[in-house]
Amino acid sequence: MSTTLITNLSEAFTSDASATLIPEAAILIEDSRIAWIGKATDAPGAENVIDAGFRAALPGWVDSHTHMVFAGDRSAEFVARMAGQDYAAGGIAVTTAATGASSDYDLTRLLMGRATEALAGGTTYLETKTGYGLSVEEETRHARIASTVADKVTFLGAHLVPAGADAQEYTDLVCGEMLRRVLPYVQYADVFCERGAFNEAQSRQVLTAARDAGLGLRVHGNQLGAGPGVRLAVEFGAASVDHVNYLDEADVTALSGSWNRWDASSRTGSVGTVATCLPACDLSTRQPLAPGRELLDAGVQVALASNCNPGTSYTSSMAFCVATAVLQMNLSIEEAIVAATYGGALALGEQGNVGSLEVGKRADIQLLNAPAVAHLAYRPGMHLNGPVFRAGELVA
Ligand code: NIG
């Protein structure tokens, strides 16, 4: 057993149930886990001691929503959007064509590059999705490649009906052979429930098939307009519903109802459907920012994620998402960090393992080149990334 003490931390934000900020802190790592956290003056001895140089510490980000398996460039689409064009899901087909033309080697290299960028930015637990394959062979290939890099993989065959295909026939394929083939590589299934993508009946079919196959569920819902996504996610007990830009009162009530048997003060009870807000995507598509404040006030557990993808959010910067949530969505810095760490862990069913600095959790710790975690929003856009530890190892 090896022990390492990270000491001389200006503060450590725990992201635990009481969202504690420990001043002048230290953290003891035993092998890959956190063994102790508290005031540096009370720290136990250790074989190795790391002087953090009075940096602030917080848990590594848990990015619970990305689409990182892709090739090609869509910056022209972004430029057109900034000039006033609306976002249309049809751009997905552009990425599907470029990705289909990439070798396994190139796709793996691209994905590893993006995961490495995310890690350098403090992301120590990463979900990614398929969804740019849209055929049995390609979706299976993307799921296999994703499973070699990401911590959790979500099957999103139901991302877009390929051009020329019949929507119902394609949905049947997603729920049949495609689902069977990706199963060895994925833990979750997702559906883009939106006008122009999959309607309520098709989304219901996808969620039913995925649930019957034993997968966890998530839904892309209410991104571009009001719709049944949130309601379906809650009805199916999905782990998360992501985007949540256009919510009516009934959507918020349904989400908060799913947390009725959850005790937030002790973080015990039964987990509901996490509302995952994707502020970088909202800005890049000029959609209204998701109502994170209202959701928190209604008792909904919220996650913040990057949605790193080539169409609507080509960034893996969770620090940017946190700063936006504080500056433009009215979350406190503590709420935003909790959403980007523990919230993501809840959305991925990993809340017992990662997402907070607590004894027994995996030692996923990021240090900031700043004396306070508040600098994440106080100095938006600045490169504050210090050393990153994943499972107790210094990885960036
Ligand atoms: O989460 N909403 C659907 N999927 C992605 C965008 C995909 C794309 O345009 O390439 C999203 O925003």
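Provide the FRET efficiency to the nearest 0.05 for the Asp248-Val395 pair, computing r from the beta carbons and using R0 = 51 Å. Rounded to the nearest 0.05, the efficiency is 0.75.
Based on Cα contacts under 8 Å between residues 6+ apart, the chain shows a relative contact order of 20 percent.
Between Val230, Val241, Val94, the residue with the greatest mean-square fluctuation in the GNM of the chain (Cα pairs under 10 Å linked by springs) is Val94.
Ranked by the mean number of other Cβ atoms within 10 Å per residue, highest first, peptides 131-144, 61-74 order as 61-74, 131-144. Taking square-rooted eigenvalues a ≥ b ≥ c of the alpha carbon gyration tensor, is segment 61-347 rounded, prolate or oblate, where a/c under 1.5 means rounded and, failing that, a/b exceeding b/c means prolate? Here segment 61-347 falls in the rounded category.
Between the C-alpha center of segment 306-385 and that of segment 197-231 there is a gap of 27 Å. For segment 199-325, a/c is not less than 1.5, where a ≥ b ≥ c are the root eigenvalues of the C-alpha gyration tensor, and a/b does not top b/c. That puts it in the oblate class. In terms of its C-alpha gyration tensor, segment 153-263 has an oblate overall shape, because the principal axis ratio a/c (a ≥ b ≥ c, square roots of the eigenvalues) is not below 1.5 and a/b does not outweigh b/c. Summarising the label geometry, the points placed 7 Å from Cα in the beta-carbon direction at Ala88 and Ala19 lie 4.2 nm from one another. Applying the Karplus relation 6.51 cos²θ - 1.76 cosθ + 1.60 with θ = phi - 60° to segment 28-43 yields 3J(HN,Hα) values of 9, 10, 10, 6, 9, 10, 7, 9, 6, 8, x, 5, 4, 5, 9, 5 Hz, where x marks Gly and Pro.
Taken together, the values in this text are just the output of simple stated rules run on the coordinates, not laboratory data. Since this is a predicted model, take the numbers as computed values, not measurements. Quick reminder, even Gly has a Cβ in these numbers, built from the backbone with ideal geometry, and neighbours come from all protein chains shown.
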